[in-house]
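The values are calculated or read from the model by the stated rules, or taken from the named source; none is laboratory data. For clarity, every value in this text was computed on a predicted model and none was experimentally measured. Here the Cβ is made from the backbone with ideal geometry for all residues, glycine too, and neighbour counts use every protein chain on show. In case anyone asks, the SASA skips ligands and DNA or RNA and just uses the protein heavy atoms, side chains included. Shrake-Rupley method; radii C 1.70, N 1.55, O 1.52, S 1.80 Å.
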Amino acid sequence: MSLFSLENKIALITGSSKGIGRAIAEHMAEQGAKVVVSSRNQDACEEVAAGINGQGGEAIALACNINYQEQLENLVTQTQKQLGSINILVCNAALNPYFGPSQDIPDEAFEKIMHANIGSVHRLCQLVIPGMAEGGGGSVIIISSIGGLKGSDKLGAYSISKAADMQIARNLAVEWGPKNVRVNCIAPGLVRTDFARALWENPEIYEATVSKYPLRRIGEPHEIAGAAVMLASSAGSFTTGQTIVIDGGGTIAG
Ligand SMILES: NC(=O)c1ccc[n+]([C@@H]2O[C@H](COP(=O)([O-])OP(=O)(O)OC[C@H]3O[C@@H](n4cnc5c(N)ncnc54)[C@H](OP(=O)(O)O)[C@@H]3O)[C@@H](O)[C@H]2O)c1
């Protein structure tokens, strides 16, 4: 069996109706995982799931807004009911309602970012990891950002939340490693998705960004998916508590 095979695995991916989450769902399905496509929009999830099923994969669609505990609980119980116990959890959905200096961020926006980007990861891990442990182990992948590795004058609160993802991965890797549950982050640089559209559609911001990336371009969603497949598969079986940076070299360049 391939080192990267996900045969007989069940993967739950939040925010997988488009962008990075969708690419991860499609590539995990390609490797044999049964995947749950999830976002706030059931129709959009069904479309992606139908595409995967049409390609010979196996996917179901379950709507869930990560801001609500009861919806997270429903997502997990419905996944278990329809597919079985979860082996792979990808905490991908996140939000950023504010762009500007930390001094001026409205309290409501600050709370919203912390609740969604840190709180939902924490809560989903609480709901899923004990079952993984009972089943002999599993892999949790949190989609962080290179924003969590650098200071920022415009994305401060978002960057705090993305740095927290890396710490959640380290904490849970220590807590659950003895039960063979691995927890890691992926930290992408700028990727061509709707989430970051304001950055890559603006020619000045685009040029300023790629001029600092050794590969001189931004990333595409499928270029993040390979690392997620690796971390979920036996190729990643000794990797835990880590953050894999995928940014065209942006953070290592002077
Ligand atoms: N793109 C980048 O440059 C970049 C760089 C570094 C890190 N990231 C991280 O990558 C992750 C994915 O972002 P992306 O760029 O792929 O964004 P995207 O293309 O906009 O996709 C976001 C996904 O999350 C869903 N979503 C949004 N709010 C949600 C909520 N409250 N509950 C459940 N699902 C929700 C969206 O669907 P609905 O709106 O229909 O719910 C969609 O499926 C995020 O964690 C982001 O911080 C992105």
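Given springs between every Cα pair under 10 Å in a Gaussian network model of the chain, which of Ala208, Ala173, Ala50 has the largest fluctuation?
Largest GNM mean-square fluctuation: Ala208.
Determine the relative contact order of the chain: mean sequence separation of Cα pairs under 8 Å and six or more apart, normalised by residue count, in whole percent. If you can, show how the numbers build up before the last one.
Working: 518 pairs, mean separation 50.4, N = 254.
Reported as a whole number, the value is 20 percent.
Quick one: with all protein chains in place, what share of the accessible area of the chain is carbon or sulfur, to the nearest percent (1.4 Å probe)?
Values: 6120 of 12060 Å².
Within the chain, the accessible surface is 51 percent carbon and sulfur.
For the stretch 125-205, what is the relative contact order in percent, using Cα pairs closer than 8 Å and at least 6 residues apart in sequence? Display every interim value, and only then the final one.
Working: 97 pairs, mean separation 28.4, N = 81.
About 35 percent, as a whole number.
Could you work out how far helix 19-30 tilts from the main Cα principal axis of the chain, as a 0 to 90 degree angle to the nearest 10?
Tilt of helix 19-30: around 30 degrees.
Where the centre of each part is set by its Cα atoms, how far does the stretch 200-254 sit from the stretch 22-66, in angstrom?
The stretch 200-254 and the stretch 22-66 have Cα centres spaced 23 Å from each other.
Taking Cα pairs under 8 Å and at least six residues apart, what relative contact order does the stretch 118-254 come out at, in percent?
Working: 215 pairs, mean separation 40.0, N = 137.
Relative contact order here is 29 percent.
How would you classify the stretch 190-233 from its alpha-carbon gyration tensor, with a ≥ b ≥ c the square roots of the eigenvalues: rounded for a/c under 1.5, else prolate if a/b is greater than b/c, otherwise oblate? Don't skip to the end; give the middle numbers.
Working: a/c = 4.26, a/b = 1.91, b/c = 2.24.
Since a/c reaches 1.5 but b/c is at least a/b, the shape of the stretch 190-233 is classed as oblate.
Kindly provide the pair-distance distribution of the chain built from C-alpha pairs, with 5 Å bins from 0 and whole-percent values in order of increasing distance.
Whole-percent P(r) values from 0 Å outward: 1, 7, 14, 19, 20, 17, 12, 7, 3, 1, 0.
In square angstrom, what is the accessible area per residue of the chain with a 1.4 angstrom probe? Mind showing how you got there, number by number?
Working: 12060 Å² over 254 residues.
Ligands and nucleic acids excluded, the figure is 47 Å² per residue.
Report, by chain and number, residues whose modeled amide H sits under 5 Å from the one on Leu155, excluding near sequence neighbours (fewer than 5 apart, same chain).
Gly100
With +1 on each Lys and Arg Cβ and -1 on each Asp and Glu Cβ, and nothing else charged, work out how big the dipole of the chain is about its Cα centre, in Debye to the nearest 20. Can you show the working numbers first?
Values: 19 positive and 24 negative charges, 107 e Å.
Rounded to the nearest 20 debye, it is 520 debye.
Name the residues whose placed amide hydrogens come within less than 5 Å of the amide hydrogen of Glu58, ignoring near sequence neighbours (fewer than 5 apart) on the same chain.
Here Val35 satisfy the definition.
Assign one of three labels to the stretch 116-214, namely rounded, prolate or oblate, based on the Cα gyration tensor with a ≥ b ≥ c the square roots of its eigenvalues; rounded applies when a/c is under 1.5, prolate when it is not and a/b is larger than b/c, and oblate otherwise. Numbers along the way, then the final one.
Details: a/c = 2.71, a/b = 2.55, b/c = 1.06.
In terms of gyration-tensor shape, prolate.
Whole-Hz ³J(HN,Hα) for each residue in the stretch 134-148, computed from phi via Karplus 6.51 cos²θ - 1.76 cosθ + 1.60 with θ = phi - 60°, x for glycine and proline: what do you get?
4, x, x, x, x, 10, 10, 10, 10, 8, 8, 6, 5, x, x
If amide H atoms are built 1.01 Å from N in the plane of the peptide, which residues on other chains or at least 5 residues away come under 5 Å of the amide H of Gly32?
Leu6
Got a sec to turn the phi values of the stretch 89-100 into Karplus ³J(HN,Hα) couplings, 6.51 cos²θ - 1.76 cosθ + 1.60 with θ = phi - 60°, whole Hz, x for Gly and Pro?
10, 10, 8, 10, 5, 7, 9, 8, x, 9, 10, x
What does the helix-only formula give at 222 nm for the chain: each DSSP H stretch with n ≥ 4 adding -39500 (n - 2.57), the total divided by the residues, and the result rounded to the nearest 500 deg cm²/dmol? Provide the component values of the computation, followed by the final result.
Details: 9 runs with 105 residues, N = 254.
Calculated at 222 nm, the ellipticity per residue is -12500 deg cm²/dmol.
Among the lysines, select those whose C-alpha is under 30 Å from the C-alpha of Lys9, and discard any that sit fewer than 8 residues away in the same chain.
Excluding near neighbours in sequence, the set is Lys18, Lys34, Lys81, Lys162, Lys179.
³J(HN,Hα) across the stretch 108-118 via Karplus (A = 6.51, B = -1.76, C = 1.60, θ = phi - 60°), whole Hz, x for Gly/Pro?
3J(HN,Hα) across the stretch 108-118, in whole Hz: 4, 5, 4, 4, 4, 5, 5, 4, 6, 7, 9.
Can you give the angle from 0 to 90° between the axis of helix 222-232 and the longest principal axis of the chain, with both taken from C-alpha atoms, to the nearest 10?
50
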